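What follows is a set of notes on a single structure, which appears directly below.
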Amino acid sequence: MLQVNYIRENREKVLERLGVRNFKQPELVDEIIKLDEERRQTQTSLDNLSAIANANAKQVGELMRSGKKEEAEAIKAETTSNKEHIKTLSEQLNVAEQHLYNALVQLPNLPGELVPAGATPEENEVVLTHGAPAELHGKALPHWELTSKYDIIDFELGTKITGAGFPVYKGKGARLQRALINFFLDRATEQGYREMQVPLMINEASGFGTGQLPDKEGQMYHSTVDNLFLIPTAEVPVTNLYRDVILKEEELPVKNTAYTPCFRREAGSYGAHVRGLNRLHQFDKVELVQVVHPDKSYEVLEEMSAYVQSLLKDLGLHFRVLRLCGGDMGFTSAMTYDMEVWSAAQQRWLEVSSVSNFESFQTNRLKLRFKGNGGKTQLAHTLNGSALALPRIVAAILENYQTEDGIIIPEVLVKYTGFDRID
RNA sequence: GGAGGGAUGCCUGAGUGGCCGAAAGGAACAGUUUGCUAAACUGUCGUACUGGCAACGGUACCGAGGGUUCGAAUCCCUCUUCCUCCGCCA
């Protein structure tokens, strides 16, 4: 959520940046400015009336103490009518704040300076490409055939237990997945991230904090009796650890990592693009979250991007890095890099990581601030990134490392898996 | 699930209707003293909204939301949460 003060003082700039995003309702900006004006007027009137009421109450107390009962009664009578006004004004204030809030939450984050304008994924900018497509033997298979050939992931069995999109990992498939999780967590720890284990269910306040609520509740599984949601990403619980927190400046940057399963309802389409591991309702992911000084957030974005790339290099995968255009970025992001690995058998790029700088968009809602020595408290910046999302990495490994007589395990993983091939 | 007791500022903790945005101590920060460290002393020391060029004001907040009252940290109701005991249980 953007800060009202900023919108009020930078109207032109806000409109210009929203243009980069191809935002469809620029009129919202002026509406917000108008609603804010109403809110402030109401606030001022209410404050003035309250000041009178407070002064009167104080006077009554003094009069009572000095025994001047009649004078006290007179003031009491006066205040009664004042109270009515205060009540209606504070109701008006609530309404005004609600209207302002409702409008504010509809405004997406402003794209950073480097973000290319654009509306569709075709307008994303390819920042770099690393490696070359793996050379496969003639009978190369897509991963959903490899998984059944070697009996390592069972989609039908998951359907029996739950439904489509909930695979069962078996034997070496399960161990490969666990190996990757451990590899990612160990590497993150080496990079200075603190490993966390967090709840997999979140309440409404947490959903609001990171921007899943309002409006995007449809993407999450909802336990209605308890009003709790299954997490769509570890970003939600890990970032919300710092909701309503004022950090000391020297505590920055805060670097946390967490492995969690993630749950996404997303209305399923069918076909090759969502086949096999390409899109699931439940999947595993190791996530990185940083809370940083506002001056550092773009530097840290580059650092996180480089780190994610190093993982892909270690796994020997052919990948590319995209800087998303304004229209393809998430609602809360100011700048996003997507990492995509080449799926040799499917002949297409698969997104395996998304690294974003949210600037103060989340921290404004979270009330996550920091305070320097003698300095003013101000909003921190947050960033996060997947490092990495498991299923498509597994898919890419299976497809790119397949040979006629088995799948070779990338060397860095062997000490985690305990075996060097699946056959 | 049952019974009881709590929730106050960075921390500990006082405060049962007005003089309380809140005592006291500690921590932290700044300064004085000091050969250095320590100690001592002095000062600063919540957040947000809002008025004002500023100086300096106003308002709200003592877990959250309602209520009683001229006036609520203090009384009443609901909720959340923590602790103790009992029951159940991975």
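The numbers here are math on the coordinates, done by the rules we state, and not lab data. Since the structure is predicted, the reported quantities are computational estimates derived from the model, not experimental observations. Cβ coordinates were reconstructed from backbone atoms using ideal geometry, including for glycine residues, and neighbour counts include every protein chain displayed.
Compared with the dominant principal axis of the Cα atoms in chain A, helix A:172-190 is inclined by about 50°.
Counting only DSSP beta bridges whose two residues both lie in chain A, roughly 90 percent are antiparallel.
Under a Cβ-Cβ cut-off of 14 Å, what is the net charge of the residues other than A:ASP328 that fall near it, where Lys and Arg count +1 and Asp and Glu count -1? Intermediate values should be presented prior to the final figure.
On the way: positive: A:ARG21, A:ARG323; negative: A:GLU122, A:GLU123, A:GLU125, A:ASP338, A:GLU340, A:GLU351.
Residues near A:ASP328 contribute -4 overall.
The label point for A:MET196 and the one for A:ILE52, both projected 7 Å from the Cα toward the Cβ, are 4.9 nm apart. On C-alpha positions alone, give me the angle between the axis of helix A:390-400 and the longest principal axis of chain A, in degrees, nearest 10. So the helix axis and the longest Cα principal axis differ by about 20 degrees. In terms of its C-alpha gyration tensor, region A:256-372 comes out prolate, because a/c is 1.5 or above and the ratio a/b outweighs b/c.
In terms of the Cα gyration tensor, with a ≥ b ≥ c the square roots of its eigenvalues, is region A:4-104 rounded because a/c is under 1.5, prolate because a/b exceeds b/c, or oblate? Verdict is prolate for region A:4-104.
Between A:PHE331 and A:LYS83, full extension at 0.36 nm per residue minus the direct alpha carbon distance yields a gain of 85.0 nm. One decimal place: the segment A:LYS296-A:PHE419 gains 40.1 nm when fully extended, by the rule 0.36 nm per residue minus the C-alpha distance.
Determine the gain in length on full extension of the stretch A:GLN378-A:GLU404; use 0.36 nm per residue of separation and subtract their C-alpha separation, reporting nm with one decimal.
Values: separation 26, 0.36 × 26 = 9.36 nm, distance 5.86 nm.
Extra length available between A:GLN378 and A:GLU404 comes to 3.5 nm.
Placing a label point 7 Å from the Cα of A:ALA205 along the Cα-to-Cβ direction, the residues of region A:328-367 whose backbone N falls under 13 Å of that point are A:366-367. Build a GNM of chain A with springs between Cα atoms under 10 Å apart, and of A:ARG11, A:ARG175, A:ARG323 the one that fluctuates most is A:ARG11.
What ranking do A:205-212, A:106-113 get when scored by the average of other Cβ atoms within 10 Å per residue, highest first? Walk me through the numbers on the way to the answer.
Values: A:205-212: 21.6, A:106-113: 19.9.
Going by the mean number of other Cβ atoms within 10 Å, highest first, we get A:205-212, A:106-113.
Apply the a/c threshold of 1.5 to the C-alpha gyration tensor of chain A and tell me whether it is rounded, prolate or oblate. Prolate shape, in that a/c is at least 1.5 and a/b is the bigger ratio. Helix A:69-104 and the longest principal axis of the C-alpha atoms of chain A enclose an angle of approximately 30°.
If packing is taken as the average number of other Cβ atoms within 10 Å across a peptide's residues, how do A:395-405, A:349-359, A:80-90, A:177-187 rank, most packed first? Intermediate results must be reported in sequence, preceding the final value.
Values: A:395-405: 21.4, A:349-359: 23.5, A:80-90: 12.2, A:177-187: 18.7.
Highest-to-lowest ranking by the protection proxy: A:349-359, A:395-405, A:177-187, A:80-90.
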